[in-house]
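Beneath this line is the structure, given in structure tokens, with notes to follow.
The values are calculated or read from the model by the stated rules, or taken from the named source; none is laboratory data. Note that the structure is predicted; figures quoted are calculated from it, not measured. Neighbour counts run over all protein chains shown; Cβ positions are idealised from the backbone, glycine included. Surface accessibility is based on the protein's heavy atoms, side chains included, excluding ligands, DNA and RNA. Shrake-Rupley method; radii C 1.70, N 1.55, O 1.52, S 1.80 Å.
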There are 2 protein chains.
Amino acid sequence: MDANDAFQLHLQKLPPQDEKTFETIYTLGNGHFGVRASNPLQGNNSHFNGQPGMFVNGFYDLTELSYGENYAGYAQNSQTICQLPDPRFIIFELDGIRSDETPYDVKLVDKNLDMRSGVLMEIFDIKSPTNKQFRLTLQSFASHADKHLFVIKYSVSALNFTGALTVIKQHPYINQQIQTHSEDMRASQPSTVLDRTFIQSKLPIMQISTRKSQLALIVAQQTLNDNQMQVTMIDDLPSHSKTFDLTQGMAQSFSFVYAISFPHPLLKTTLSQSAFAASAEKRLANKSFKQLLDESTAKIDQFWENSDVELTGDDNLAKGIRFNLFHLYQAAGNDGLTSIAAKGLTGPGYEGHYFWDAEMFMLPFFTYTEPAMARQLLLYRYHTLPQAQHRAREMGVENGVMFPWRTINGEESSSYYPAGTAQVHINADIAYAVDTYVRVTGDDDFLFDYGYEIIVRTARFWLSYGHWATDDAHKDQFVIDDVTGPDEYTAMVSNNYFTNRMAQNNLSIAVKYSNQLKHSHPEKLVALNVTDEEIAELNRAADGMYLPYDHERKIKMQDDLSTSKPVWPIKDTPRNQFPLLLHYHPMTIYHYQVNKQADTVMTDFLFPKDQDSAQLKRDFDYYEAITVHDSSLSRAIFGILAHRLHHADDAYHYFMQTVLMDLSNSQGNTGDGVHAANMGSTWLSLIYGFAGLGLEKESFNLSPELPEAWSSLRFRFWFHGRQIEITITQLAVTVKLLTGTPLQFYLKHKAFKLTKDRLVNQALN
Amino acid sequence: MDANDAFQLHLQKLPPQDEKTFETIYTLGNGHFGVRASNPLQGNNSHFNGQPGMFVNGFYDLTELSYGENYAGYAQNSQTICQLPDPRFIIFELDGIRSDETPYDVKLVDKNLDMRSGVLMEIFDIKSPTNKQFRLTLQSFASHADKHLFVIKYSVSALNFTGALTVIKQHPYINQQIQTHSEDMRASQPSTVLDRTFIQSKLPIMQISTRKSQLALIVAQQTLNDNQMQVTMIDDLPSHSKTFDLTQGMAQSFSFVYAISFPHPLLKTTLSQSAFAASAEKRLANKSFKQLLDESTAKIDQFWENSDVELTGDDNLAKGIRFNLFHLYQAAGNDGLTSIAAKGLTGPGYEGHYFWDAEMFMLPFFTYTEPAMARQLLLYRYHTLPQAQHRAREMGVENGVMFPWRTINGEESSSYYPAGTAQVHINADIAYAVDTYVRVTGDDDFLFDYGYEIIVRTARFWLSYGHWATDDAHKDQFVIDDVTGPDEYTAMVSNNYFTNRMAQNNLSIAVKYSNQLKHSHPEKLVALNVTDEEIAELNRAADGMYLPYDHERKIKMQDDLSTSKPVWPIKDTPRNQFPLLLHYHPMTIYHYQVNKQADTVMTDFLFPKDQDSAQLKRDFDYYEAITVHDSSLSRAIFGILAHRLHHADDAYHYFMQTVLMDLSNSQGNTGDGVHAANMGSTWLSLIYGFAGLGLEKESFNLSPELPEAWSSLRFRFWFHGRQIEITITQLAVTVKLLTGTPLQFYLKHKAFKLTKDRLVNQALN
């Protein structure tokens, strides 16, 4: 395989899918926005089947949630990411017939995404109602150098005629409405019509406000090397147009750049409209397509330098892995004000909400390979601490904070609390992610300025929400009632193993860092009002945490009552009745032992030292038998544990079931957006799984074992300012220190010394 | 006190209340419909503060329920009783000014409800914008002889002028819209506009259809002794009018009768429109006001003959008791197709739904005093068995039926399943009521034709919904997970004591009646497919039913985990934070031991032989301390148990806190309708409580003990075709057999023989 081909995603090499799926797969994004790769002639035209649109991270509208019975403390609004008009939209006019009025016939000839440059190349053959055919070629990219820019080059060439072709490139907001979409389990919501305000500036820069959330977006359109296009104003918005004289075989091209920005509501300072306008003007200052592309490509080069995972032995799989990593990169907010939505910025699925999977399934990739991005993602949670504190009080929790289960702006947006707000483990998940980030990066400034505060305030939540038991079964242990674990097929239980174990960890690391900072930064403890008494109390709760265990089966119990219920007859359930939550009432599902996804075994995964392999095997066997994997987050965890149990076939099988989820549309809903957390799981499976990377003492450990089908696996990561490269083959593992000072690390828990001069190369028995 | 006065409810003798409260208190009804006693000039006019309207039992519209997250099996529609236009509505015209266009000044002078005749007498002094004053006197009643008739006599007399007064009595549906109201925890719903269809007949009889439920109502208006009123048709509806020449002091009067009926959707046969029209015509056949009234009063006389409870020593209380009994009589459906709504037919509260309290709190009054009415109320449940079977299947329950938590038409209408559908105990509640009815009345025909089927099919539900446990804690016992007991401040628990005990009873009586009918009516068992194997299985589950018990505290445990939670700080909670469900998120409330209402102690009440008095006292003390009585159903149960514990003061105190609930508007929401179940509790408290009536062996037992404040208590009931009268004083109890054959009964569990010739008169210690 040509090395370059390994980064090309060619339409012809993908299995056939519907139009919406390809729109998602080929979405371009940069963490700030994403643009679906739709038919550029579609716009509002219902004649076509696509779902065009742009999503800006953090830009949402509110829609009122309605409840049959409404209770105090219920989330009152759904935050829904806005589906913004498509900046790729273009109008052609031939023989006086406009393509936005009379549909032209559009045939997709080719698409290719170059994951090295980030350029999407598309070819459409278009036929007018008067049977004139021409070819439209698009080259577009979302800039990774200036996250506010989206750039498109259009080329047209006549196929069967010679003569005039008029192109009209309207500002996207002319005749286009913003949608706040709904999907998933939610009722449909009305679309939002935007107010328009003209900002005085040299350029016709528009501010557009959402109706209820009152966010203001600026989308400016400007030509690049403008080819003398004519500008007319429609509704105060610019519309560029030009009539080309086409001769067959001679392409004519023109380029546009869009500047997209908005004053994020989590910004402490309010930027003036004019400051935003000035910034947009500056961005639109004349640069060429190539110049903008080169700047962006340089950033992507850096990303691959840090983050590429090179697998040999299965080219198709290797490309699928890169596709997943590239999409993670495209999805991740990078401004400290946004995070990674469940569908990235590729579609309206899950309303653009951030969940726990941002920290638990996607963040590890960034923590190890792009720590600066990981830091920004954690800062998002830091910036929403005020909302999390308010929520805790609203829920009657006197101390600490309570992060929302699903949110954009930091407020709870889950309307079914048993599978939403009750998943209080998200508090501990975030704290776990902070701890991992600090341990991997050694970023003590972050710990001191932000991380410690997150850990302490989440830990306090557990002291308020849990309590010391007095009943026989739990006597003198710390218990936590009325929670839902990751498995949403069981809800509102007492002592969910995962939740209690994660809470215990949250408490423990609060104690650990308190004791550490007490000496180095005592003023920080004073500022957060952390006393010795509180540290002792946190410590007692951690030590006394109740962890339910079935002594007969010798397994960790999912919750106090879990193993007493009958087992759902999984084998007798018709395939078309999955996922169960779409076919059975929650009460019916809760009535059985059946797991939507890895729950208790997540603790076997996250806390490998908790159990020996016999315990792990019992837990794995018990829970695997009752898990239906209706969540895309499930199989990766089972796969990693299978690896630890040296069930190489199982590990490989689980991995292969998920790694191509979006490229093969195996869940059937890629059209609504990619499964970003599953993409994060790909990295987890490879690095935590097959490479067996984990933290050990002050360093890391590797326990690699490759599936037989693969020849080698190479990847890099950063550890305390050092970049390390790992190459694993069937026979050996090679560890190289690329930058930084020497360190000791562990291979299968045996210590090795690593220096820049001397790589470690060890045979794998 | 004049004996007659004891049945007069005079406005002047009631504490001052707002207009809506009095509208509710003075509502006239007959089980088929209820008419609020509103300002008759209000109509649609928002100038006034009332909430006029008529409610027809079983006549509802559907409004779509919307959920933030919608799951399979969720109730899709809310059934909401229609708030129909007020038949009392009248228009006056003086000096060319119509009172429906320009508001007249209306002053309520007096109201009095004669609970013997059922006539409501009201006096209003009315002033026109031109300062002409006249007095309007209304006499109205809902006929108890012909349940479809509402009759009104209007009298007008000039107060400060002589001259012309025009009265216009429009058909209620002219310019008036039907509302489907919402309240309680529900979001507001749009009003329903009705279609009108003219039915060909001699009279202008209109059929009016609801929009979504497609029910058709007929409301015909006709004059009585018509006083030569002029009839004009407006929108095909009759409007009667007449101009009176008033001289001061000389009253002029005119009367109307309304015929209200609809083909009930639970009727197996579909009646034709013309049949309904013919029936309305017949009803409107010329009768005088007095004639109609006499027929109705005769029925009410019979009611008091059977059902009066005569208390001496507290006249105000005695009248309050009668008020409650009269409202129960007004509320109870009597056609086998309807039941008793939580607010009777007095207001839009709880959307006009029937709940478990119909069977558990109201039915006993009818079972003992008006068994024919009790039979009709139970038939309603029988007629909704198909819906209950459908619901069971929808919820994944393979056998038996699952009655809805809240409903009008037999389908589930609860939109918050943890405090709705999860209250599966309603199945066992209905079975308990059937059993009680059969044991009290000896109505074997009912048992054979209907009751046995209800009992068997509800019992089967438990076999499917519960299961035999294998875990250590419950080994080899029958357990029931994922239920909510009567206490809605705890939800979705395992082994709720009340639910399990009631289920056990349901199973036991299914076995009892199966064994009984196996000999007398084997064909019935064949028809219901009841085999010996199934009887054995029902019996095993009853015997093996797990009943959670706290061996340390020696109390019945509300559920598997209840006593492990911290106790809600009731004393530290500000008074304005009650009821808790309006001020705290459900998750917050569930997090504590706090009872909305009697739950576990309901079993101490319903199954007196389950425990000795020491056990009763421990249960009572424990649960009383954690109960906040946020439900109006709570205090009566604690009061009855206090009586059993010989805590006379407590029993009296609890009783007095609830008996005048609506007359004193102590809950603050009587304006939305009376608390019908609380009215039922009044009878329970008096008869099950202070008189200590209960079933014993094949007969009944009395354990009377009057509060010191009372001189005597007299009441009657029917037992196996015999009418019995009980008179209790501080010193003695007298038991008389009024009709029927001799029987043995028990007084403080000691047997006595009762014949018509020889009453039993026993001193009380």
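Report the rotationally averaged projected area of chain B based on its alpha-carbon convex hull, in square nanometres. Projected area, direction-averaged: 33.6 nm². Spin-label pair A:L645-B:L695: with each label point 7 Å from Cα along the Cα-Cβ axis, the two points sit 5.4 nm from one another. Ellipsoid fit via the Cα gyration tensor, the stretch B:123-182: semi-axes of 28, 17, 11 Å, each the root of five times an eigenvalue, largest first.
Placing a pseudo-label 7 Å from each Cα along the Cα-to-Cβ vector at B:D445 and B:A251 gives an inter-label distance of 4.5 nm. Report, in listed order, any pair from A:K596/B:K565; B:K132/B:K242; A:K169/A:K343 with a Cα-Cα distance greater than 22 Å. Pairs exceeding the cut-off: A:K596/B:K565; A:K169/A:K343.
May I ask for the angle, rounded to the nearest 10°, between helix B:497-520 and the longest principal axis of chain B, with both axes built from Cα atoms and the value confined to 0 to 90°? Tilt of helix B:497-520: around 90 degrees.
Put simply, the Cα atoms of the stretch A:468-573 extend 61, 31, 22 Å along their principal axes, the longest span coming first. Residues B:H653, B:H144, ordered by accessible area of protein heavy atoms at a 1.4 angstrom probe radius and largest first, appear as B:H653, B:H144. Compactness check for the stretch A:625-672: Cα Rg over 2.2 N^0.38 Å is 1.21.
Label-to-label distance, B:T312 versus A:E64, with points set 7 angstrom from Cα along the beta-carbon direction: 5.9 nm. Label-point spacing at A:P742 relative to the other copies reads 11.3 nm, in ascending order, each point sitting 7 Å out from Cα along Cα→Cβ.
What FRET efficiency would be calculated for the residue pair A:S711, A:K554, taking the C-beta separation as r and a Förster radius of 60 Å, to the nearest 0.05?
Working: r = 40 Å, r/R0 = 0.66.
The pair A:S711/A:K554 has a calculated efficiency of 0.90.
Only helical DSSP H runs with n ≥ 4 go in: add -39500 (n - 2.57) per run for the protein assembly as shown, normalise by residue count and round the 222 nm mean residue ellipticity to 500 deg cm²/dmol.
On the way: 36 runs with 424 residues, N = 1530.
Using -39500 (n - 2.57) per qualifying helix, the result is -8500 deg cm²/dmol.
Over 23 Å, how big is the tail of the calculated P(r) for the stretch A:598-690, in percent of all Cα pairs? If you can, show how the numbers build up before the last one.
On the way: 881 of 4278 pairs.
Of the Cα pairs, 21 percent sit more than 23 Å apart.
The share of alpha-carbon pairs in the stretch B:348-445 lying farther apart than 24 Å comes to 22%. Here the calculated FRET efficiency for B:N131 and B:S155, from their Cβ-Cβ distance with R0 = 25 Å, stands at 0.70, rounded to the nearest 0.05. Lysine pairs in the stretch B:607-765 whose alpha-carbon atoms fall under 26 angstrom of each other, counting only those eight or more residues apart or on distinct chains, come to 18. Hey, if you put +1 on the Cβ of every Lys and Arg and -1 on every Asp and Glu Cβ in the protein assembly as shown, which of A:L463, A:S140, A:F48 ends up farthest toward the positive end of that dipole? In the protein assembly as shown, that residue is A:F48.
Count, for each residue of A:584-595, the Cβ atoms from other chains sitting within 10 Å of its Cβ, then give me the mean as a whole number.
Details: counts 6, 9, 11, 16, 9, 5, 4, 10, 4, 0, 0, 0.
Across A:584-595, the average partner-chain Cβ count within 10 Å equals 6.
Averaged over the residues of peptide A:59-70, the number of Cβ atoms from other protein chains lying within 10 Å of each residue's Cβ is 5.
Report the normalised scattering of the stretch B:216-372 as log10 I(q)/I(0) at q = 0.09, 0.17 Å⁻¹, calculated by the Debye formula with identical scatterers on the alpha carbons. Computed log10 I(q)/I(0) values: -0.47, -1.23. Note that the stretch B:725-731 has calculated 3J(HN,Hα) couplings of 10, 10, 10, 10, 10, 5, 9 Hz, one per residue in order, obtained from phi through the Karplus relation 6.51 cos²θ - 1.76 cosθ + 1.60 (θ = phi - 60°); glycine and proline are x. Placing B:E351, B:E552 in order of accessible area, with the largest value first and a 1.4 Å probe, yields B:E552, B:E351.
Starting from the Cα of B:R540, move 7 Å in the Cα-to-Cβ direction to define the label point; list residues of the stretch B:470-485 whose amide nitrogen is under 11 Å from there. So the set is empty, nothing qualifies.
Below 13 angstrom from the Cβ of B:M54, what's the summed charge of the other residues (Lys, Arg +1; Asp, Glu -1)? Here the count lands on 0.
Could you tell me what percent of the accessible area of the protein assembly as shown is made up of carbon and sulfur, with a 1.4 Å probe and every protein chain present?
Carbon and sulfur: 47 percent of the exposed surface of the protein assembly as shown.
Each Cα pair under 8 Å and six or more residues apart adds its sequence gap; the mean of these over the residue count of chain A is a relative contact order of 12 percent. Placing a label point 7 Å from the Cα of A:S464 along the Cα-to-Cβ direction, the residues of the stretch A:390-411 whose backbone N falls under 20 Å from that point are A:390-407, A:410-411. The base-10 log of I(q)/I(0) for the stretch A:637-746, evaluated at q = 0.22 Å⁻¹, reads -1.18 [Debye formula, identical scatterers on Cα atoms, solvent excluded].
Residue by residue along B:490-499, Cβ atoms of other protein chains within 10 Å of the local Cβ number 2 on average.
For the stretch A:531-611, trypsin sites (Lys or Arg not before Pro) are listed when DSSP marks them as loop and at most 11 other Cβ atoms sit within 10 Å of their Cβ; the list is A:K571.
With coordinates expressed along the principal axes, the C-alpha atoms belonging to the stretch B:4-276 extend over 68, 47, 39 Å, beginning with the largest. For B:T531, the label point sits 7 Å beyond Cα toward Cβ; its separations from the matching points on the remaining copies run 7.0 nm, from shortest to longest.
Annotation: lysines with alpha-carbon distance below 21 angstrom to A:K282 (same-chain offsets under eight excluded): A:K147, A:K153, A:K202, A:K290, A:K299. For the stretch A:545-621, compute Rh as the Kirkwood radius over C-alpha pairs and then the Stokes-Einstein diffusion coefficient at 37 °C and 0.692 mPa s; write the answer in µm²/s, rounded to an integer. Reported coefficient: 234 µm²/s. Test of understanding: extend the Cα→C-beta vector of B:A732 to 7 Å, then name every residue of the stretch B:742-764 with backbone N under 13 Å from that spot. Counting only backbone N, you get B:759-764. Each residue of the stretch A:346-355 is assigned a 3J(HN,Hα), and the resulting list reads 9, x, x, x, 6, 6, x, 7, 8, 10 Hz, derived from the Karplus form 6.51 cos²θ - 1.76 cosθ + 1.60 (θ = phi - 60°), x at Gly and Pro. Take A:N175, push a point 7 Å out from Cα through the beta-carbon direction, and compare it with the same point in every other copy: 4.9 nm, smallest first.
May I ask for the equivalent-ellipsoid semi-axes of the protein assembly as shown, computed as the square root of five times each C-alpha gyration tensor eigenvalue and listed largest first in whole Å? Please list the in-between numbers first.
Details: eigenvalues 910, 380, 155 Å².
Result for the protein assembly as shown: semi-axes of 67, 44, 28 Å.
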